[in-house]
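Have a look at the structure below, then the notes.
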Amino acid sequence: MEVINVSGYVAEEKLAIAERYLVPQARVLCGLDENKAKITPDVLTVLIKQYCRESGVRNLQKQVEKVLRKSAYKIVSGEAETVQVTPENLQDFVGKPIFTVDRMYETTPPGVVMGLAWTALGGSTLFVETSLKRPKDKEGKDGSLEVTGQLGDVMKESAKIAYTFARAFLMQKEPDNDFLMSSHIHLHVPEGATPKDGPSAGCTIVTALLSLAMNCPVRQNVAMTGEVSLTGKILPVGGIKEKTIAAKRAGVTCIILPSENKKDYYDLAGFITEGLEVHFVEHYKEVFDIAFSKQDSAAG
C-alpha cells in the first residue's frame with residue numbers, strides 16, 4: 001500500500017471551501033436560505049484564523065454549522081426575522097476566540113530568535129529564548145547549557161550540537177568573547193506544555209546563543225528553519241509549505257531556508273510566497289550574515 005502525503009490547506013483555500021461548500025451545506029441542514037442568515041467572508045476569515053487552526057476544514061465545518069444553528073434558533077424563537085453574522089457579533093454565536101496572538105514577541109530582544117515549526121495543526125512560529133543563568137565561575141570552569149520546554153530526544157541532541165558549533169563559531173568571529181565558553185546558559189522553547197521534537201530548530205538555536213553572547217538582537221521580522229551539523233552545514237527539513245504559511249501569518253518578511261529545500265519553496269503557489277524575502281543557505285555563516293545584518297538590526 002502506498003502512502004500519499006497531503007499537505008494542509010492554506011487560509012485562502014479554506015475560505016473558498018467554506019464559501020462554496022460548507023456554508024451552503026450547513027444552510028440546507030438548518031433549513032435556512034441566504035436571505036435569512038448571512039455570513040460574510042470576513043466572518044469566515046475570523047473563524048479560520050482565531051477559532052480553527054487546523055490542516056483541514058473539519059473544525060471549521062463544525063463552527064459554521066454552530067453559527068447557522070444558532071441563527072435558525074433566533075429566527076424560530078421570534079428573536080429575529082433575519083440574522084446578519086459579522087466579526088463584531090461572532091462571539092455571540094461561537095464564544096471567545098481560541099487563538100488571539102500569532103507571535104509571542106513583536107520585537108525580539110538579544111537572545112531570542114523566531115524559528116518555524118511543523119505540527120499536526122499545520123505550521124507555527126517557534127521562539128527560542130536564551131538567558132544567562134549565572135555568570136562564569138571564578139575558578140574558570142567550563143560553561144553549561146540547560147534546556148527546557150518539553151523537548152524530545154532529537155531536539156535535545158540538536159541543542160547540544162548547536163551549542164558546540166556556536167562556541168566554535170563565536171571564537172572565530174570574536175576571539176576575545178568567551179561568553180559561551182564560560183557562562184551557564186538556560187535555553188527555553190515556549191510553550192512549555194507542548195511537546196516538541198525534531199532537528200529543524202538547529203540554526204535557530206545557534207542564532208539565539210550568538211545573539212545572547214554578543215548582546216545583539218537579530219534583524220526584526222526574520223524567521224528561520226534548518227538542521228545544523230557539527231561543522232555548520234545547514235541540512236534540509238520538512239514542512240516548508242506549512243512553515244512558510246505560518247511565517248506570513250505572523251507578519252514575517254524574511255525567511256531563511258536550507259538550500260536543498262529550494263525546490264519545495266518554488267513549488268508553492270504564488271499567493272503563499274508573495275511579499276516574502278527568502279534566502280537559501282548551505283552553511284551557518286550565511287545565516288549569520290543575514291540575521292545580524294547591521295542595517296536591518298538598527299532599523300528594528
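The values are calculated or read from the model by the stated rules, or taken from the named source; none is laboratory data. Predicted model, so just to flag it, every value in this text is computed and none were measured. Neighbour counts are summed over all protein chains in view; Cβ atoms, including those assigned to glycine, are modelled from backbone coordinates with ideal geometry.
Only one of Ser158, Ser182 is buried (at least 18 other Cβ atoms within 10 Å of the Cβ) and in contact (Cβ under 8 Å) with a residue 24 or more places away in the chain. Can you tell me which? Show your work before the answer.
Details: Ser182 fails: buried (at least 18 other Cβ atoms within 10 Å of the Cβ).
Just a single option satisfies the conditions, and that option is Ser158.
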Considering region 71-109 alone, what residues qualify as being under 29 Å from the mean Cα position of the chain (by Cα) and among the hydrophobic types (A, V, I, L, M, F, W, C)? Leu90, Phe93, Val94, Ile98, Phe99, Val101, Met104
Of all residues making up region 71-118, the number that are in contact (Cβ under 8 Å) with a residue 24 or more places away in the chain, β-branched (Val, Ile, Thr) and surrounded by fewer than 17 Cβ atoms within 10 Å (Cβ to Cβ): 5
Hey, Thr164 of a type in the set (Ser, Thr, Tyr) and in a helix (DSSP H, G or I) or not: yes
Does Tyr51 satisfy being of a type in the set (Phe, Trp, Tyr) and under 29 Å from Glu274 (Cα atoms)? yes
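Of all residues in region 16-45, which are under 31 Å from the mean Cα position of the chain (by Cα), hydrophobic (A, V, I, L, M, F, W, C) and surrounded by fewer than 19 Cβ atoms within 10 Å (Cβ to Cβ)? Walk me through how you get there before you give the answer.
Start the filter on region 16-45 by keeping residues that are under 31 Å from the mean Cα position of the chain (by Cα), which leaves 16-23, 39-45.
After this cut, where a residue has to be hydrophobic (A, V, I, L, M, F, W, C) as well, the list is 16-18, 22-23, 39, 43-44.
Matches in region 16-45: Ala16, Ile17.
For region 72-143, please list each of the strands (runs of 3 or more DSSP E) lying entirely inside it that holds at least 2 residues being modelled with pLDDT under 95 and in the same structural domain as Met155 (by TED's automatic domain parsing). Full working, then the answer.
Values: elements: 83-85, 112-119, 122-134.
Passing ranges, in order: 112-119, 122-134.
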Conditions (1) within 27 Å of Ala250 (Cα to Cα); (2) more than 19 Å from the chain's Cα centre (by Cα); (3) buried (at least 19 other Cβ atoms within 10 Å of the Cβ): number failed by Leu68: (1)
